[in-house]
1. At 4 °C and a viscosity of 1.567 mPa s, what translational diffusion coefficient does Stokes-Einstein give for the protein assembly as shown, taking Rh as the Kirkwood radius over Cα pairs? Give it in µm²/s as a whole number.
2. What is the gain in length, in nm to one decimal, between B:LYS271 and B:LYS139 on full extension, counting 0.36 nm per residue of separation less the C-alpha to C-alpha distance?
3. Could you calculate, for the range A:471-578, the ratio of the Cα radius of gyration to the Kirkwood radius, expressed as Rg to Rh?
4. When a footprinting reagent is the concern and you count Cβ atoms within 10 Å, what order do A:MET367, A:MET452, A:MET274 take, fewest first?
5. Restricting the count to DSSP beta bridges whose residues both fall in the range B:123-281, what percent are antiparallel, rounded to a multiple of 5?
6. Please compute the modelled spin-label separation between A:ASP4 and A:SER398, points set 7 Å along Cα→Cβ, answer in nm with one decimal.
7. Please compute the modelled spin-label separation between B:LYS230 and A:ARG390, points set 7 Å along Cα→Cβ, answer in nm with one decimal.
8. For the range A:466-544 and the range A:284-311, what is the separation of their C-alpha centers, rounded to whole Å?
Amino acid sequence: MKTDEVVIRVGGAAGDGVQSAGLIIAKAFSRSGLHANTYNYYQSIIRGGQSWYQIRASDRKVRSQGDNVNVMIALNKDSLERHTSPTINEGGASPIGKDGLVIYDQSISDFRKGDCQYCALPLSEIAARHGKNALMKNTVAIGAAMASIGINFEVLASVIRDQFGNKGTAAEENVKAAKEGYDHYLQNFKKLNVTLKTSSKKFYLISGGESLALGAVNAGMKMYVAYPMTPASSALHYLAEHEKDFKIFVKIPEDEISAVNMAIGANYAGVRAMTGSSGGGFSLMVEALGMSGMMEVPLVIYESQRAGPSTGLPTKTEQGDLNLVIGASQGDFPRIVLAPRNVEDAFYCTREAFNLAEKYQVPVIVMSDLYVAEHYETVEKFDLNFKIERGKIASPGSENYRRYEYTSDGISFRALPGTAELMHNEDSDEHNEYGDVVSDAVTDPTLRVESMKKRMRKLDGYIREMPPTPTYRYDDAEIAIIQWGGTQGVVEEAVDALREKGIRVGLIEINRVYPLNPDIGKLLHGKKQIIVVENNYSGQMNRLLRSEFLVKTDLVTKFDGESFYPRALTEEIETIIKR
Amino acid sequence: MVTIADYKGKVKPDWCPGCGNFAQLSAISAALVDLGIEPKDSVVVSGIGCSSNLPEFINLYGFHGLHGRSLPVASAIKWANSKLTVLAYGGDGDGFFEGTQHFYHTAKRNVDITYIVSDNQVFGLTTGQASPTSQLGMKTKSTPEGNIEKPLNPLTIALTAGATFVARAFSGDALNLREVIKKGITHKGFSFIDVFSPCVTYNKINTYDFFRQRVYKPVTDTKDFDKAYKLAQEWGDKIPIGVLYDVDEKTYEDYDPVISSAPLIDQPPIKLTAEALAEFL
């Protein structure tokens, strides 16, 4: 067992305050100058069911939810039994082992015992001494858990005070309850054998949805229109809450079709706008996506994947929308698809998406997933310096103005409504350089070909200007692993574990999923084996890589709605290599 | 000074000779001229259909988008740049079939745009199928035995949804059409104008003569919702045209904390600072 990191799991029913408890713990780590990574296992239910929240922390960077649980806070009998059972069936999560301890209320009795240490505390009794809210027993348990791993109580107290509004009786009641839990643990139980090197480093504890929204703000987004859908809603909630601070117009319209058409309308008028949804909502936006491509109106769509098909698993993660996103809408038109690899990357991908959309006058889709959108991670720094590049925008009086001029790079000047002398029509019908329709009264096959080529060659410029594809421990790699989007952290950990076993693997990390960077072909050249890892059934990226680069690959998938876990993933890759 | 020549498009309309859309193209241009609005400050957003081709034939900022989707585009253009005069334009199939939810909700929001529907009670561009306003019993390509669906009443829908300006006009009465459109554009809030626009090719029932024999201009109190609703339901030997309802209410833009202060396009992006991130520490 590693002694320089800790994993805590909080389990209970929806409505028990599992997530709030988990976030308090994560923030206590973050404020202790530790890296933290969280994982949220929940269902589409407001009360009941069973959910849990896992928090991993270390002075090292922790890139996934981890495997070995040190401390479990069980808020009900079900979670107490479920997480200590060796036959645990939670999508790859391991049970609390014999090194782990479980904190629970002493009133829970007659439960099935597992092979771990049980720490029964009078959680409810202590809570009742400090206030009327029954959920305060969670705070008592958090106090005990923090004592078990030696986190400074004052750090925890500051987090609790912030969480409960800093003033009023609730905050102080909770601090007192936590302190009694903390002291009770120290008086009655042994501390765990872990040494967390706390520091004065400042970390942001932030979710992918929030990070993505901040990236959009940093890029000068002025309008966010979206219909609510998990897991895209975390960005919507954050932006709506800060509408006035950021001076951003935030709106829920009647449906996703309206949302995407609004985003297109605003971009057409010269205001940076984005819409967002999950796969279901994105499916409704498909026709308008093609309109953005045809009319060359810049557009940014945030597509946050959850496990499909159809309504699927609303609260579970997957990377099953790649085929949808790169293939959506009739006809050929240029589009750019980005897929942030982690919470921090969501910030940078999104702000770049706005520049790309206006520079190339194309739709840009930022594809993320539930895992990235909803889990919290510590981020050390956000570089807030960003140059907003609006691309080619015409000034009044440009002579012989042609909205869709056949330029060598395919990009022509947009004239925003309100600009003198440059009135013109933008059309979803095929059109000539002036925007005049060539599909109805006058059909002109030659102009059709020119207009298609003009639009499509915009991607040539983008491909030329793409930065190199990111890699991890790749320089001396004999075997290439490939991941895309939000699986980066856990796959990097698997690479580290395989390297420790002397297997020379290296990782290609794809966050520009369409078009693919041609440099990937060069990176793959001469490798003994290529293994693609993705969170879906059919290996959608695997197929794309095979068709783009004509390579032979092996595939590791997971489609049970949960993320990969480092140990299981390492074993699976190793099996393929040794096969 | 703006003249009618300024709005003349370089592409000649390809509608059938006698189509009701011609009168609307002229009336829209004339109304904008009468109001002194320059082409550079005018936007027409349309959907798909014969009438929706209008932005190709007029010199202003035209946006010829998707079937049924003119209103969300038009709303967002207004929200992005409230200095613009924004019109949405399309047919009855476009607006009252695929676009119904946008019609209802845009009216409810009271967005300050003008929505003109060229209502010919049939699908034209797809060569003559029954539309949402086709009369009961009407024989079309899609209803060879006669239409068995009652026609939808766009006026009562607009009133029910909360539109603050509801009017009806007739392509056969160009002067009145122009005046109604002017009032609609001047109205602060969502203005809806349903225009009888005979389709000379596919609708042999609702012809110019049909409407000439029936339309009349009632004298009414346009602030009175009940009277407006009653007039909106009149159909038969007498059909009212003109402004039926016109009230002042706050618009969506008035309520919105961000847009109400200044046009969005004139508000520079905020500079994101470390303070904004402090809540995550």
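1. Details: Rh = 29.6 Å.
Stokes-Einstein gives a translational diffusion coefficient of 44 µm²/s.
2. 41.4 nm is the gain from fully extending B:LYS271 to B:LYS139.
3. Working: Rg = 12.6 Å, Rh = 13.7 Å.
Dividing the radius of gyration by the Kirkwood radius yields 0.92.
4. Ascending number of Cβ neighbours within 10 Å: A:MET452, A:MET367, A:MET274.
5. 35 percent
6. 5.7 nm
7. 5.4 nm
8. 27 Å
Bear in mind these aren't lab numbers, they're just calculated from the coordinates by the rules spelled out. As the structure is a computational prediction, the values presented were derived from the model and not from experiment. For neighbour counting, all protein chains shown are included, and Cβ atoms are generated from backbone atoms with ideal geometry for every residue, glycine included.
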